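Notes for the one structure printed next.
The values are calculated or read from the model by the stated rules, or taken from the named source; none is laboratory data. Given the structure is predicted, the values throughout are model-derived calculations rather than measurements. FYI the Cβ positions are ideal-geometry reconstructions off the backbone, even for glycines, and counts take in every protein chain you see.
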Amino acid sequence: MSTARGGFSSRMGFILAAAGSAVGLGNIWGFPTQTASNGGAAFVLVYLVLAFCLAYPAFMAELLIGRYGQANAVTSMEKISRSLWQKRFAFVVGFGGIVCVVLILSFYGILAGKMMSYAIEPVTSLLGLNDASSWLISQSVVRNLIFTALFMVLTIAIIRRGVEDGIEKWSKRLMPMLIGLLILLIIYVFTLEGAKEGFAAYLNPDISRVFEPDLLISALGQAFFSLSLGTSVMVIYGSYISKSENLVTLGAQVTLIDVSIAFLAGLLIIPSMYVAQAQGVAIFSDDGSLISGPNLVFDVLPTLFTGMGAIGLFVAFGFFVLMSIAALTSSISMLEGPVSFVVERHNVERKKATTFIGFGIFILSALIILNFDVLFGLVISLSTVYGQPLIAMLCCVFVGWIWQRSGVLEEIKQGNDSAEHSLFWKVWPWYTKFVCPSAIAIVFFHSL
């Protein structure tokens with residue numbers, strides 16, 4: 001599968017890398033938090049529907065653009081364009097995705113660094129280093145700067161090695177570890193008091209809530225964030241796929257893995273909350289809303305682990321290592337977007353481009369850390385609530401209205417000769433042209 005610019009060496013390599021990009025803190029941290037804040041199983045049901053009805057078609061659009069262009073997001077979209085205005089539109093959309101992913105990685109690195117510090121804390125506790133343990137889990141500028149920098153160094157080190165030796169190799173190592181740890185933790189939590197109530201809350205939907213506007217907006221944003229849509233990531237990953245691969249089945253497999261792991265994460269986090277509640281930890285306020293919100297994993301779960309006694313240190317270590325791995329599989333895909341743009345458009349050597357861009361994103365993270373109360377929530381909203389759905393919508397517009405239908409079919413038929421007669425081809429083109437942009441736009445403007 002490799003080309004001169006690099007590529008995935010196998011189908012499994014792509015699936016694990018793309019799933020690794022999709023499976024990150026958005027699934028294991030964001031999804032359960034959103035679920036707990038938006039009616040439990042009702043949110044899960046809406047998320048599953050939107051993931052396959054809106055996110056998957058948009059996901060396929062980005063993969064097709066990338067494989068056709070065999071280049072970074074901007075160049076790939078420009079290759080589809082036929083007129084000057086279309087090329088300018090292509091640049092805006094492609095570069096907008098790169099800006100979006102840079103903003104996401106800037107706050108993502110802070111969260112991931114925090115996960116790493118929480119993963120080290122059980123080790124220092126076992127060694128009796130109480131002062132170090134206290135520092136590792138306390139909110140401080142110095143700790144955030146150190147661990148954000150450490151996380152970015154890991155990300156840079158992998159991307160400097162390229163596609164096959166960096167992204168693919170580490171995705172193959174990290175993804176099985178992530179899934180294994182997740183399943184082991186679910187099995188353990190299931191044995192604890194209160195877990196069964198958590199499973200019931202997670203799996204029994206209140207159908208009356210599924211049409212609530214806030215729930216729909218949250219579920220759509222979560223579906224797009226977890227699949228890395230609107231960020232140029234899937235366009236660049238698509239460009240590394242062999243022309244002989246069946247994109248329709250590949251895209252479906254990645255979507256299924258992503259949704260499955262998000263669902264598994266909920267099976268871990270939501271019952272864990274109820275276990276914590278059984279141990280006397282308050283997790284809901286009087287109106288039924290989640291007390292901790294986005295800080296769920298840093299507030300409620302450590303209290304749960306402490307209540308487990310000595311074994312809690314090992315469970316805490318396993319959990320936060322899991323979170324750190326999930327973060328790393330996503331961050332390497334995010335950094336690849338701007339790196340591929342600089343390498344291909346400006347002829348900069350990969351290692352140099354990776355180092356400078358990674359350092360630049362860390363500087364942006366440092367600015368957020370130093371102005372945390374003002375910038376952290378703002379950057380999250382700009383990138384995930386507004387940027388991602390908007391860019392993903394424009395990608396659908398690009399494929400549906402600018403890319404000639406015959407050209408789209410020709411690209412899909414690469415690796416799938418019978419695509420023209422498939423149910424996918426009968427539904428997807430008009431669905432991407434009309435339904436996806438309209439639905440995303442409605443939800444987007446409602447969120448404003």
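Test of understanding: among 90, 58, 73, which residue is buried (at least 24 other Cβ atoms within 10 Å of the Cβ), out of contact with any Ser or Thr (no Cβ under 6 Å at 6 or more places or on another chain) and either of a type in the set (Gly, Ala, Ser) or more than 25 Å from residue 434 (Cβ to Cβ) (or both)?
Just one listed residue meets the conditions, 58.
If you check residue 81 against the conditions, is it surrounded by fewer than 21 Cβ atoms within 10 Å (Cβ to Cβ), closer than 18 Å to residue 402 by Cα, over 19 Å from the mean Cα position of the chain (by Cα) and not aliphatic (A, V, I, L, M)?
The answer is yes for residue 81.
Check residue 284 against each of (1) of a type in the set (A, V, I, L, M, F, W, C); (2) over 23 Å from residue 8 (Cβ atoms); (3) buried (at least 18 other Cβ atoms within 10 Å of the Cβ) and name the one condition it does not meet.
(3)
If you go through the range 161-211, how many residues are in contact with a helix residue (DSSP H, G or I) (Cβ under 8 Å, 6 or more places away or on another chain), closer than 21 Å to residue 283 by Cβ and not in a helix (DSSP H, G or I)?
6
What is the number of the single condition among (1) free of Cβ contacts under 8 Å to residues at least 60 places away in the same chain; (2) more than 27 Å from residue 92 (Cβ to Cβ); (3) not in a helix (DSSP H, G or I) that residue 415 does not meet?
Condition (1) is where residue 415 drops out.
Among the residues of the range 421-434, write down those that are touching a residue at least 60 places away in the same chain (Cβ under 8 Å) and among the aliphatic types (A, V, I, L, M).
Those that are touching a residue at least 60 places away in the same chain (Cβ under 8 Å) and among the aliphatic types (A, V, I, L, M): none in the range 421-434.
If I go through the range 165-175 residue by residue, how many of them are in contact (Cβ under 8 Å) with a residue 40 or more places away in the chain and surrounded by fewer than 18 Cβ atoms within 10 Å (Cβ to Cβ)?
Looking only at that region, the number is 1.
Pick from the range 173-219 the residues that are at pLDDT 80 or above and of a type in the set (Ser, Thr, Tyr): which of them is farthest from the chain's Cα centre (by Cα)?
Among those residues, the one meeting the criterion is 191.
If you go through the range 237-258, how many residues are charged (D, E, K, R) and farther than 21 Å from residue 225 by Cα?
Number satisfying all stated conditions: 2.
Which of the residues belonging to the range 131-148 are over 13 Å from residue 111 (Cα atoms) and charged (D, E, K, R)?
Once the filter is applied, which keeps residues that are over 13 Å from residue 111 (Cα atoms) and charged (D, E, K, R), the range 131-148 yields only 131.
Taking the options 356, 398, 341, 314, name whichever one is of a type in the set (Phe, Trp, Tyr), within 27 Å of residue 121 (Cβ to Cβ) and part of a helix (DSSP H, G or I).
314
When the range 240-284 is examined, which residues are found to be in contact with a helix residue (DSSP H, G or I) (Cβ under 6 Å, 6 or more places away or on another chain), aromatic (Phe, Trp, Tyr) and farther than 19 Å from residue 185 by Cβ?
Selection gives 240 alone.
Which members of the range 342-365 meet the condition of being within 18 Å of residue 96 (Cα to Cα) and out of contact with any Ser or Thr (no Cβ under 8 Å at 6 or more places or on another chain)?
342, 343, 346, 357, 360
Residues of the range 373-385 being in contact (Cβ under 8 Å) with a residue 40 or more places away in the chain and either loosely packed, with under 14 Cβ neighbours inside 10 Å or out of contact with any Leu (no Cβ under 8 Å at 6 or more places or on another chain) (or both), which ones?
376, 380, 384, 385
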